[in-house]
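The values are calculated or read from the model by the stated rules, or taken from the named source; none is laboratory data. It should be emphasised that the depicted structure is a prediction, and the values quoted were computed from it without experimental measurement. Every residue, glycine among them, receives a Cβ derived from its backbone with ideal geometry; neighbour counts consider all protein chains shown. Each accessible area value is taken on the protein alone, full model and side chains, heavy atoms only, with ligands, DNA and RNA left out. Shrake-Rupley method; radii C 1.70, N 1.55, O 1.52, S 1.80 Å.
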Amino acid sequence: MKTSMIFSKLVSFALILQLLNPTVVLSSSSSLSSSNGLTEIPKKFLDFAKRKEVVDWMVGIRRKIPENPELGYEEFETSKLIRLELDKLGIPYKYPVSVTGIVGFVGTGEPPFVAIRADMDALPIQETVDWEHKSKNPGKMHACGHDAHVSMVLGAAKILKQHLQELKGTVVLVFQPAEEGGGGAKKMLDAGVLDNVDAIFGLHVLHSAPIGTVACKPGPVLAGSGLFDAVISGKGGHAAIPQHSIDPILAASNVVVSLQHLVSREADPLDSQVVTVAKFQGGGAFNVIPDSVRIGGTFRAFSKASLIQLKKRIEEVIKGQAAVQRCSATVDFYNTKKPMLFFPPTENDKDLHEHFLKVAGDMLGNDKVKDMKPVMGSEDFAFYQEAFPGYFFFIGMQEENSPKLSSVHNPNFTINEDVLPYGAALHASLVTTYLLEAESKLRPTEGNLHDEL
């Protein structure tokens with residue numbers, strides 16, 4: 001009787017300890033949630049992505065896209081191709097979203113929801129690369145790797161579809177229009193189709209980094225940016241009698257010089273900022289002072305506060321310097337065709353950074369995961385990061401013994417198609433392990449505990 005009572009108290013005490021400090025005992029069906037299982041997933045997915053039939057499939061899709069490059073919000077044929085492949089994979093989707101966008105779903109259809117994103121638009125560049133799948137649309141080219149991004153997200157979708165049993169939630173496939181200045185990411189958010197997303201991952205090909213490597217960092221990785229357009233108006237006249245004119249070229253020249261002082265004299269030297277005047281249009285004759293001059297450019301910074309301050313001061317300087325020279329000025333941060341959107345800085349979530357380091361290290365090796373410095377380029381992926389945690393990284397595609405690849409936004413830009421399986425496997429691994437980790441965090445609170453006694 002006494003022994004029975006002692007045993008009963010020990011059992012009660014053990015149960016109390018278990019409730020206060022729960023230890024999850026996984027069933028065999030959840031074995032992939034173990035640390036070993038999570039470590040194996042990236043390698044397994046990369047092996048799958050490198051299968052010849054999978055690589056050939058991704059390459060085939062990728063080569064169709066650059067033949068018919070389409071600018072922002074005009075990606076109708078690209079969108080049609082993506083939907084055809086999703087139909088073949090048996091993946092449901094919503095279309096149209098923000099004109100040409102697509103949002104697909106793989107998994108349980110239940111929370112948590114984690115997204116991967118591909119941009120679809122091309123650039124207004126005349127391609128000079130002479131190859132079998134050269135652009136058939138004059139003045140348009142996939143010169144920023146978006147064709148590869150689409151192929152890699154479709155490749156990830158194929159991997160996920162083949163491993164549905166490992167998805168403990170839903171992966172959202174985001175194919176967005178108009179990344180190149182059109183703010184397609186913001187339009188996708190405004191459509192409300194991503195309201196339940198908990199996190200998002202995106203990538204960009206990097207011509208200068210070796211194949212099989214990735215580059216990343218927590219916090220600001222790309223700058224926020226804005227555009228400005230200004231008209232400085234004076235009074236035209238003969239160049240030989242300038243006293244009868246009000247010279248807008250002189251005023252505009254003073255404006256350009258003064259704008260440079262916003263960074264050199266007003267900004268914190270440790271807070272990187274850029275103001276560049278890249279357009280200066282005025283006059284058409286050697287001996288005529290024009291009535292007006294148009295200037296325009298871009299400003300960039302790594303914080304939203306700095307962007308707002310730059311915008312304020314750019315307008316003040318342009319109008320003030322014009323007035324000094326007896327001219328008037330109008331400053332436009334928008335135009336009549338489409339908003340000149342302010343792109344916020346691309347800032348990587350610190351928790352997702354740790355998750356990325358683990359997954360990429362397991363797949364490629366820790367020595368292949370490189371730290372990168374912030375870059376003054378901008379990305380509308382930042383709009384997603386304002387709505388929920390997001391992570392944006394770069395993936396290398398330079399072969400060691402091959403000629404150097406051209407940079408993006410260049411008419412000679414090319415894709416090393418060996419990068420496709422790496423991107424597809426990373427996308428699929430990041431979201432699969434994210435969902436498994438989310439499930440393991442939730443399970444103790446849901447009472448899924450095994451009483452070993």
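Structure notes:
- Karplus-based coupling profile of region 236-241, in residue order and whole Hz: x, x, 6, 5, 7, 10, with θ = phi - 60° in 6.51 cos²θ - 1.76 cosθ + 1.60 and x standing for Gly or Pro.
- Over the chain, DSSP H runs of length four or greater, each weighted -39,500 (n - 2.57), average out per residue to a 222 nm ellipticity of -12000 deg cm²/dmol.
- Per-residue Karplus couplings for region 199-207, computed as 6.51 cos²θ - 1.76 cosθ + 1.60 with θ equal to phi - 60°, are listed in order as 7, 9, 10, x, 9, 9, 5, 10, 5 Hz, Gly and Pro entered as x.
- If the chain linking Val408 and Phe76 were pulled fully straight, counting 0.36 nm for each residue of separation and taking away their Cα-Cα distance, it would gain 117.2 nm.
- Sequence ranges 53-60, 237-244, 94-101, ranked by mean other-Cβ count within 10 angstrom, highest first: 94-101, 53-60, 237-244
- Accessible surface comparison of Asp380, Asp190, probe 1.4 Å, protein chains only, largest first: the order is Asp190, Asp380.
- Rounded to whole numbers, the Karplus 3J(HN,Hα) couplings from phi for region 281-295 are 10, x, x, x, 9, 6, 10, 10, 7, x, 6, 8, 10, 10, 10 Hz, using 6.51 cos²θ - 1.76 cosθ + 1.60 with θ = phi - 60°, and x at Gly and Pro.
- Less than 5 angstrom separates the built amide H of Leu222 from those of Thr346, Val375, all sequence-distant by 5 or more or on a different chain.
- Relative to the globular-protein estimate of 2.2 N^0.38 Å, the Cα radius of gyration of region 96-206 stands at 1.18.
- Across the chain, C-alpha contacts under 8 Å between residues 6 or more apart give a mean separation that, scaled by the residue count, equals a relative contact order of 24 percent.
- Size of electric dipole in the chain: Cβ of Lys, Arg +1 and of Asp, Glu -1, about Cα centre, debye, nearest 20: 400 debye
- Whole-number percent relative contact order across region 208-276, with pairs defined as alpha carbons under 8 Å at least 6 apart: 18 percent
- Region 187-203 and region 348-399 have their alpha-carbon centroids 18 Å apart.
- Each label point was placed 7 Å from the Cα along the Cα-to-Cβ direction; for Thr276 and Leu84 their separation is 3.8 nm.
- Expressed to the nearest 5 percent, the antiparallel share of DSSP beta bridges inside the chain is 65 percent.
- Taking 1.306 mPa s as the viscosity and 10 °C as the temperature, the Stokes-Einstein diffusion coefficient of the chain based on its alpha-carbon Kirkwood radius rounds to 64 µm²/s.
- Between helix 146-162 and the chain there is an angle of about 10 degrees, using the helix long axis and the longest principal axis of the Cα atoms.
- Each of Thr108 and Ala240 was given a label point 7 Å from its Cα along the Cα-to-Cβ line. The distance between the two points is 8.6 nm.
- Proportion of all alpha-carbon pairs of region 224-332 beyond 18 Å (%): 48 percent
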